[in-house]
Amino acid sequence: MPNKPLVVVTRRLPDPIETRMMELFRTRLNLDDKPMSQAELIEAVKEADVLVPTVTDRIDSAVLSQAGPQLRLIASFGTGVDHIDLKTARQRGITVTNTPGVLTEDTADMTMALILAVSRRLTEGERLVRAGDWQGWSPTAMLGHRIWGKRLGIIGMGRIGSAVARRAKGFGLSVHYHNRRRVHEDLEAELEATYWESLDQMLARMDIVSVNCPHTPATYHLLSARRLKLLRPEATVVNTSRGEVIDENALARLVAAGEIAGAGLDVFEHEPAINPKLLKLDNVVLLPHLGSATIEGRMAMGEKVIINIKTFADGHTPPDRVLEAMF
Ligand code: 8YV
């Protein structure tokens, strides 16, 4: 890897990050911020020493198989790596890094925001006011549900799941979780969290379910139609992870049928396309993948990308190297 590698950045990043990249590397920016097509990505990997993609790029085997031998690093801007074919990258000797840790708190905040928005009908109320349809306060109007004292089931007790649990305790929720592995007993004690080895059993008992696990082949449609049917009709579902973890069609169907009380979604199966069935539902809150969208978060993600590239270019193992076994 040359000391000043050719770095291709697929989307616009915060100005200070792009400027620093220009100082450190031979950097090719995407100033008009248009998502790159698969053909453009293939052109990029033929030349780049380092590719800096985001969640909007699909770095699949068709792209990677066209990469020139100079492509040594994919320094992704984001934590999830489901848009990158890790196996093919490994086979081709390409290192992959991500930006974990720096978007934990923001994503956990967004999870709580969705829980509150769905339970207390925030966006419905906002729509009413903006439409000029509010007739004034009434004792029985727009009643939602109290969250204090309810049960929250967290699917995926990693960094973000734990950060959600800490917040949830403050809101008086009792915390339950399902995870591939039970977390350390000290963490479980700190979070006062109840572990369910069986996801099915947990789902049937929760008031609110939050998806906080990564999307992998093992978690694709983890909330399948069958599992969603296990939820109680008062239950709500929020997702700040990846749309693919939930069978979106089944969710829309069950919410429409009143078999699930509502949902809060920041992520979708076919982003940016939104399932039209979801758009029709008042008790579903839809956000445009805002989980980590803070200025502070984006800056920290960019810093991590730079550190990963610089460390790698200097001949060392980058701090946020992604291994297939982690996902
Ligand atoms: C990021 C995310 O904005 O980091 C992730 O995994 O889902 C988002 O919050 C996006 O991935 C950036 O590429």
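Key figures for this structure:
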| quantity | calculated |
| --- | --- |
| Sole exception among (1) aliphatic (A, V, I, L, M); (2) assigned to a loop (DSSP other than H, G, I, E, B); (3) touching a helix residue (DSSP H, G or I) at 6+ places or on another chain (Cβ under 9 Å) for I42, by number | (2) |
| Residue that is surrounded by the most Cβ atoms within 10 Å (Cβ to Cβ), among those in the range 170-185 that are in a loop (DSSP other than H, G, I, E, B) and of a type in the set (A, V, I, L, M, F, W, C) | L173 |
| Failed item in (1) in the same structural domain as V164 (by TED's automatic domain parsing); (2) touching a helix residue (DSSP H, G or I) at 6+ places or on another chain (Cβ under 8 Å); (3) open to solvent by 70 Å² or more (accessible area, probe 1.4 Å); (4) of a type outside the set (D, E, K, R), with P319 passing the rest | (1) |
| Candidate set from the range 92-150 (those that are outside the structural domain of R242 (by TED's automatic domain parsing), free of Cβ contacts under 8 Å to residues at least 40 places away in the same chain and not aliphatic (A, V, I, L, M)); member that is surrounded by the fewest Cβ atoms within 10 Å (Cβ to Cβ) | G93 |
| Test: residue in the range 21-33 that is open to solvent by less than 10 Å² (accessible area, probe 1.4 Å) and out of contact with any Gly (no Cβ under 7 Å at 6 or more places or on another chain) | yes |
| The one condition in (1) free of Cβ contacts under 8 Å to residues at least 40 places away in the same chain; (2) away from the ligand (no atom under 16 Å from the Cβ); (3) open to solvent by 30 Å² or more (accessible area, probe 1.4 Å) that N283 fails to fulfil | (1) |
| Matching residues, the range 34-52, being within 19 Å of Q70 (Cα to Cα) and either among the charged types (D, E, K, R) or in contact (Cβ under 8 Å) with a residue 40 or more places away in the chain (or both) | E40, E43, K46, E47, A48, D49, V50, L51, V52 |
| Tally of residues being touching a strand residue (DSSP E or B) at 6+ places or on another chain (Cβ under 7 Å) and free of Cβ contacts under 8 Å to residues at least 40 places away in the same chain across the range 19-33 | 5 |
| Residues of the range 83-117 satisfying the condition of being within 11 Å of the ligand (Cβ to nearest atom) and either touching a Ser or Thr at 6+ places or on another chain (Cβ under 7 Å) or aromatic (F, W, Y) (or both) | I84, N98, T99, P100, L103, D106, T107, M110 |
| Residue check, E271 away from the ligand (no atom under 16 Å from the Cβ) and either closer than 18 Å to G161 by Cα or surrounded by fewer than 16 Cβ atoms within 10 Å (Cβ to Cβ) (or both) | no |
| Yes/no for E43 being under 29 Å from R298 (Cβ atoms), within 19 Å of the chain's Cα centre (by Cα), modelled with pLDDT of 95 or more and open to solvent by 60 Å² or more (accessible area, probe 1.4 Å) | no |
| Of all residues making up the range 306-321, the number that are over 13 Å from G101 (Cβ atoms) and either among the β-branched types (V, I, T) or within 15 Å of the ligand (Cβ to nearest atom) (or both) | 4 |
| Residue check for A257: modelled with pLDDT of 95 or more, within 22 Å of D82 (Cα to Cα) and open to solvent by 50 Å² or more (accessible area, probe 1.4 Å) | no |
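Quick grid of which residues meet (1) open to solvent by 60 Å² or more (accessible area, probe 1.4 Å); (2) outside any loop (DSSP other than H, G, I, E, B):
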position: L187; (1), (2): no, yes
position: M206; (1), (2): no, no
position: A218; (1), (2): yes, no
position: R253; (1), (2): yes, yes
position: G264; (1), (2): no, yes
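To keep it simple, each residue is scored yes or no on (1) under 21 Å from the mean Cα position of the chain (by Cα); (2) in contact (Cβ under 8 Å) with a residue 60 or more places away in the chain.
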site	(1), (2)
G172	no, no
E188	no, no
L199	yes, no
R205	no, no
T216	yes, yes
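The values are calculated or read from the model by the stated rules, or taken from the named source; none is laboratory data. Remember, it's a predicted structure, so these values are computed and weren't measured experimentally. Cβ: placed from backbone, ideal geometry, glycine included. Neighbour counts: every protein chain shown. Accessible surface areas use protein heavy atoms only, side chains included; no ligands, DNA or RNA. Shrake-Rupley method; radii C 1.70, N 1.55, O 1.52, S 1.80 Å.
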